[in-house]
Amino acid sequence: MPLTHVCFLVACLSISGIPPFSGFFSKEDILLAAWQTNKLVYGIGLFTSGLTAFYMFRLYFSIFWNKPREEHPHKMHKLPLVESIPLVILALGAAFAGFIPFSRLMSPGSVPETAHGIGLMAVPPVALALLGIGIAAYLYGKESDRPAKVAAAFRGFYTFAYHKFYIDEVYAFVTKKIIFNLIGRPAAWIDRNIVDGLMNGLATGTAWTSAGIKRVQSGKVQDYILYFFVGIAGLTVLFIYIYT
Amino acid sequence: MWAGIILSLRQELIVTGIIFFLLLMKVGAAEFKTEVILRLVNLLLLLNFILGFFACPDAVLFNGMFHTDRLIVLEKNMLNLGTLIISLQAYDWLKDHRHVPEFYMLLLATLTGFFFMISAGNLLMFYLGLELSTIPLAALSSFDLEKRQSSEAAMKFILSSAFSSALLLFGISLLYGATGTLGFDTIAQRLDGSAFQLFAFILILSGFAFKISVVPFHLWTADVYEGSPVAVTAYLSVISKGAVFFIFIQALYLVFKPLAAPWYRILVLLSVLTMVVGNLFALRQDKLKRLLAFSSIAQSGFILAGITGSSRTGEASVVYFILVYIFSNLGAFGVVSLISAQTGKEDIDDYKGLYATNPLLSWVMAISLFSLAGIPPTAGFFGKFFLLMAGAGKGNYVFIGIAALNMVISLYYYLRVIKAIFMDTQPEPIRPLKIPLLPNIAFVVCIAGILITGLVGWVYDYIYSLSTGF
Amino acid sequence: MNLSLLLLTPLITAVAVLFCRGLNGIRWVSLAGTTVQLLLSFGLLALYWKERATDHAHLQLFEYRHAWFASLNIGYHVGVDGLSVAMILLTAFIMVAAVLVSWRVERMSKEFFFLLLVLSAGAYGFFISLDLFTLFFFLEVSVIPKFLLIGIWGSGRKEYSAMKLALMLMGGSALVFVGLLGLYYHTGGVGGPHTFDMPVLLASGLPAGVTRVFFPFLFVGFGIFTALFPFHTWVPDGHSSAPTAASMFLAGVSMKLGGYGCLRMVFLMPEAAREYSPYIIGLATIAIVYGAFATMMQKDLKYINAYSSISHCGFILLGIGMLTETAIRGAVLQMISHGLMTALFFAAIGMIYDRTHTRLVERLGGLLKTMPFISTLFVIAGLCSLGLPGLSGFVAEITVFMGSWQRTGEMYRLATILACASIVITAVYILRATGQTIMGPLREPNYNGLTDATWNEKLAGILLGAGIIAIGVAPFWLNELIIK
């Protein structure tokens, strides 16, 4: 797949920030700005761009340089035109877009930015990128167990990074254990048993009161007459108390 | 002059006339078939009711003992209507009964008693009417001659009644001793709130409270309602109560007006107690008759809430509510009466699954219960609303709040019956019943009354225009 | 336009249903009646716009008053403003959809449709009433149809749920009742006539001491209908046990009766509302957050929707409580949006339940394969619930948030932030439920044979979905309507 190979290579070179591909220009501008603002950020950016070169070329070397791993590889079809034309267009863009003078076209606050030339600041990122490419070539250029050995050397860190620093697990933990179990489940339980329980409690309370006083309706006329008397006596006391 | 007196006494005279007619029928031709008698009597009652629409001239007769005005005429006619409906509903039960003319004679005797009681202008006349209405009622309670429960009910009724009448009479005599007069209008002028007069008032109040089933004088209600035949229960719960309420308002507003401040507090207390106790007991009932008994106790509490308003709205809302109550309660009792007469079943459990077999009866029961609960668009909603509106006029919103909450509690036990009828099922539901013509007419009247009396505003307005509120 | 037409149409349809024989007659008559009502509502909308363009003086249009109980100064007084028109439209939409979804109810279908139509008549009457007595009348009319609908045609613990719903709503009514009486007796000045009439009350104003005492009664009473914490517990059982059409109406319209009532009370007694606004906001925020968390743990689709209704209706109360114009507008938008959304959701769940006979999320799966249309409805409803832009839920919620943010002060900001944060929780439970039921493998092999939506269900879904999308994409017409 020669066309794909070339395009992929162009893309990798561009992303790694190798001049004269477009990635170089953008990285250089950003790193320059970072150097002027915050040296720490510049350092991290520099280091990361080296890493970028490393992992892109790891990919490149693994895919395009060694013998295919499978015994019976898939038959490789010719690339149809619909796919190859966009590939070429994008590759051309990745190669040459850096020469477009963006700074003259973009201007925060309607004042055109002044372009600045490529100075000494361009050297460190490119150097680190080349270093990254070299390491990748060393590890992945040929079939070998060198990558495995390196991984074994950094085993703990390797596993940590392999599991994406366990960030997903943290999310899952927070959601399942904390939000669901500590907040959601109690909320549902409270609603069912306490709030609704209050409403049902009102009903039960009424029924309980009703059961409590049922004895008064005893069926015996003597009791009725007694309550009659009690009623009159009560009213008399009440009435006289209120009125006087 | 005589013509005037006869016209003013017209309603009492007509009812008495029917009694004598029945007496003659009983004595003269013993061969009348029961159905013929029943149809005849119902026709006469209908005539009585229709004639009641023609106004009697306002009058004060017999030295102030008897007075009538348009509101009183309306009230009497309401009682006529209630009696007619009860009589129509009792058709099923009576047509197999041996003593139909006696039943009607006793019933109409009590009605006459109520008429005199409502028109009373004098404590003695009031007592006369009261006794005339009570004693035949006790006899009526035992009219289910085969059942022991019926005799038990009558016994309890007469004993409790006698006791309460004794205390009432004692109170009246004390009041006479205190004021020197028995006339309603003159007593008020001579009251000055001494402890002696207060005690007399409490005794008289207890007599009223007994008849309208106010706590703690209500204990006879459940047993008597349960044991009596359904028609008599219906009569007790609606006509008896209504009539006593009518005269109660007069007594409170007119006679005991100087004591308004204390009796307001007493009435609020009694109202709350009655509503709460009535509702609490109704929650537990499994027998429909007993449930309706306690529900009517709770309704009494509501009516008391309206009376506390002591204004034109108070009086009008009470009269209006009693009209609505007649329709609603008789609707419910009508269904109970029909089912009881044809199947003998009176438990709520027996009513499960009624909708599947007797949809029309179920709807009649449902609408009546909704009206009792106070749910729109039935008239019960308006009745209760106006009662509480009258009560709120005094500004005691805690009291009104308690009353409103009691409506929620009462909704529960009414809905329980609805639930049994519409939602539950049981292996042996009540079979499809055939409803004879006369009870059918009664149901139609009740439902029409429930639906129309509320939505048509004219009814309440008319009652309001007749009431004076003192 | 005679507003009483809006009230008469459902009633006439209901009576007509009683005279029909056979399932076909009953449901076509119901459908005809509700469609006529929908057309009437659109007509009302158009007429209202026309009138409003020229008439800026009156607050309410198409007023009509007829003395009902002259001796008590109670009248049948009806009229509409933009808010009422919007709510009437909402009810009409949901009713047509509800009738369509209930196409296959065979047991006692006559009574079912009759009760449903009476229920809707109560709602229409409520929205056009200007006299508080009439308002209360129509509020209470709906209690019995709800009880019967849930208790007879429902599922699960239907009798318990029906009883609980009826008693709790009656409790709310009792509180409103006391409040109404309080207002009545303090109007008209000294010796003047008392009245229940809202425009009169608005014009004459109420003394501050009175409103301070009675506003809580009225607000809490109406609030119980809108699931005000802690009186919301009738919602989960009530909505879940109800048959589909009843759930749609209950959650879609009945809960909005409370919101509408609360809003009218706020308009009537603004100073009292301002005094109590912190409490309202507090309770509303609790409802939003706590409702969302409680929803997360539910296993039954209907319970998920019911609890999420508590949370969403909390937004309504939050908007009302914040008392800024934008927030109140947001509350109204949320009333309409949530109404349509929850009706659609319940409709979809009902359709799923009819076919799979289960509502438990863990027993469902892969329904997209066999029932694509229903699944789409489900997804639309779900996305609207979590506030995806382009659907009405977003419009409503963002307006509430913007309105809430306008009130500075730590407590209000805190409430707004908490409410915003709960959207994340909403997303959690919606996406979980949707993902598990719709996507993934078919949980049971027999799901393979399930049919997709029938024509009536499709129509119902399209109707509601169109409403949701219309408001979501072009909310300005609704906005204008509410402001007026």
Taking the stretch C:123-143 and keeping residues part of a helix (DSSP H, G or I), closer than 18 Å to residue C:91 by Cβ and either more than 10 Å from chain B (Cβ to nearest Cβ) or in contact (Cβ under 8 Å) with a residue 60 or more places away in the chain (or both) leaves C:123, C:124, C:125, C:126, C:127, C:128, C:134, C:135, C:139
Note on residue B:377: of the conditions (1) assigned to a helix (DSSP H, G or I); (2) facing chain C (nearest Cβ under 10 Å), unmet is (1)
Can we say residue A:11 is assigned to a helix (DSSP H, G or I), farther than 16 Å from residue A:136 by Cβ, modelled with pLDDT of 80 or more and assigned by TED's automatic domain parsing to the domain that holds residue A:151?
no
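Condition test on residue A:195, is it out of contact with any Phe, Trp or Tyr (no Cβ under 7 Å at 6 or more places or on another chain) and either under 30 Å from residue B:153 (Cα atoms) or away from chain C (no Cβ under 13 Å) (or both)?
no
If you go through the stretch C:144-177 one residue at a time, how many are over 27 Å from residue B:400 (Cα atoms) and either at the interface with chain B (Cβ under 9 Å from one of its Cβ atoms) or not polar (S, T, N, Q) (or both)? Even if it seems obvious, please write down each step before you answer.
Let us first name the residues in the stretch C:144-177 that are over 27 Å from residue B:400 (Cα atoms), namely C:148-161.
When the remaining residues are screened for being either at the interface with chain B (Cβ under 9 Å from one of its Cβ atoms) or not polar (S, T, N, Q) (or both), the result is C:148-154, C:156-160.
Adding up the residues that qualify gives 12.
For (1) surrounded by fewer than 21 Cβ atoms within 10 Å (Cβ to Cβ); (2) without any contact (Cβ under 8 Å) to a residue 40 or more places away in the chain; (3) of a type in the set (A, V, I, L, M, F, W, C); (4) within 11 Å of chain A (Cβ to nearest Cβ), each residue gets a yes or a no:
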| residue | (1), (2), (3), (4) |
| --- | --- |
| B:223 | no, no, no, yes |
| B:231 | no, no, yes, no |
| B:234 | no, no, yes, no |
| B:237 | no, no, no, no |
| B:243 | no, no, yes, no |
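Please tell me if residue B:276 is surrounded by fewer than 24 Cβ atoms within 10 Å (Cβ to Cβ) and part of a helix (DSSP H, G or I). Before the answer, list the steps.
Working: surrounded by fewer than 24 Cβ atoms within 10 Å (Cβ to Cβ): yes; part of a helix (DSSP H, G or I): yes.
Taking the combined requirement at face value, the residue satisfies it.
Please go through the stretch C:413-427 and pick out each residue that is of a type outside the set (Gly, Ala, Ser) and within 12 Å of another protein chain (Cβ to nearest Cβ).
Filtering the stretch C:413-427 for residues of a type outside the set (Gly, Ala, Ser) gives C:413-414, C:416-418, C:420, C:423-426.
Matches in the stretch C:413-427: C:424, C:425.
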When the residues of the stretch B:246-265 are filtered to those that are within 22 Å of residue B:402 (Cα to Cα) and buried (at least 20 other Cβ atoms within 10 Å of the Cβ), which remaining residue is farthest from the other protein chains (Cβ to nearest Cβ)?
B:263
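For the stretch B:136-194, what are the residues that are of a type in the set (Val, Ile, Thr) and either under 29 Å from residue B:63 (Cβ atoms) or surrounded by fewer than 17 Cβ atoms within 10 Å (Cβ to Cβ) (or both)?
If we filter the stretch B:136-194 for residues that are of a type in the set (Val, Ile, Thr), which is where we start, we get B:158, B:172, B:179, B:181, B:186-187.
Across the stretch B:136-194, the qualifying residues are B:172, B:179, B:181, B:186, B:187.
Conditions (1) at pLDDT 80 or above; (2) buried (at least 24 other Cβ atoms within 10 Å of the Cβ), marked per residue:
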residue	(1), (2)
C:190	no, no
C:213	yes, no
C:230	yes, no
C:248	yes, yes
C:253	yes, yes
C:262	yes, yes
C:274	yes, no
For residue A:187, indicate whether it is among the aliphatic types (A, V, I, L, M) and within 14 Å of chain C (Cβ to nearest Cβ).
yes
From the residues in the stretch B:208-223 that are touching a Lys or Arg at 6+ places or on another chain (Cβ under 6 Å) and either farther than 17 Å from residue A:220 by Cβ or of a type in the set (A, V, I, L, M) (or both), which one is modelled with the highest pLDDT?
B:212
Suppose we keep only residues that are free of Cβ contacts under 8 Å to residues at least 60 places away in the same chain and within 28 Å of residue B:340 (Cβ to Cβ) within the stretch B:97-129. Which one would you say is nearest to the chain's Cα centre (by Cα)?
B:113
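Taking the stretch B:413-470 as the search range and keeping residues that are part of a loop (DSSP other than H, G, I, E, B) and facing another protein chain (nearest Cβ under 10 Å), which one is nearest to the chain's Cα centre (by Cα)? Steps first, answer last, please.
Residues of the stretch B:413-470 part of a loop (DSSP other than H, G, I, E, B): B:423-436, B:456, B:467-470.
Within this subset, residues satisfying the condition of being facing another protein chain (nearest Cβ under 10 Å) are B:423-424, B:456, B:467.
On the way: B:423: 31, B:424: 32, B:456: 23, B:467: 19 Å.
Checked the stretch B:413-470; the qualifying residue nearest to the chain's Cα centre (by Cα) is B:467.
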Residues satisfying the stated conditions in the stretch B:284-326, i.e. in a loop (DSSP other than H, G, I, E, B) and more than 14 Å from chain A (Cβ to nearest Cβ)
B:308, B:309, B:310, B:311
Looking at (1) surrounded by fewer than 21 Cβ atoms within 10 Å (Cβ to Cβ); (2) facing chain C (nearest Cβ under 9 Å); (3) not acidic (Asp, Glu), which is the one condition that is false for residue B:392?
(1)
Among residues belonging to the stretch B:326-369 that are more than 15 Å from residue B:420 (Cβ to Cβ) and aromatic (Phe, Trp, Tyr), point out the one that is surrounded by the fewest Cβ atoms within 10 Å (Cβ to Cβ).
B:333
If you scan the stretch C:32-85, which residues turn out to be assigned to a helix (DSSP H, G or I) and either surrounded by fewer than 14 Cβ atoms within 10 Å (Cβ to Cβ) or within 14 Å of chain B (Cβ to nearest Cβ) (or both)?
C:32, C:39, C:42, C:43, C:46, C:50, C:53, C:54, C:70, C:71, C:72
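Suppose the filter is part of a helix (DSSP H, G or I), under 18 Å from the mean Cα position of the chain (by Cα) and more than 23 Å from residue C:394 (Cα to Cα); does residue C:329 pass it?
Details: part of a helix (DSSP H, G or I): yes; under 18 Å from the mean Cα position of the chain (by Cα): yes; more than 23 Å from residue C:394 (Cα to Cα): no.
No, not satisfied.
Within the stretch B:56-72, does at least one residue satisfy the condition of being over 24 Å from the mean Cα position of the chain (by Cα) and of a type in the set (Gly, Ala, Ser)? Spell out the reasoning first.
From the stretch B:56-72, those over 24 Å from the mean Cα position of the chain (by Cα) are B:57-64; that's our starting set.
Imposing the further condition that a residue be of a type in the set (Gly, Ala, Ser) reduces the set to B:59, B:64.
Checked the stretch B:56-72: at least one residue is over 24 Å from the mean Cα position of the chain (by Cα) and of a type in the set (Gly, Ala, Ser).
The values are calculated or read from the model by the stated rules, or taken from the named source; none is laboratory data. The structure displayed is predicted, hence computed values, not measured ones. With ideal geometry, Cβ positions are generated from the backbone for all residues, glycine too; neighbour counts draw on all protein chains shown.
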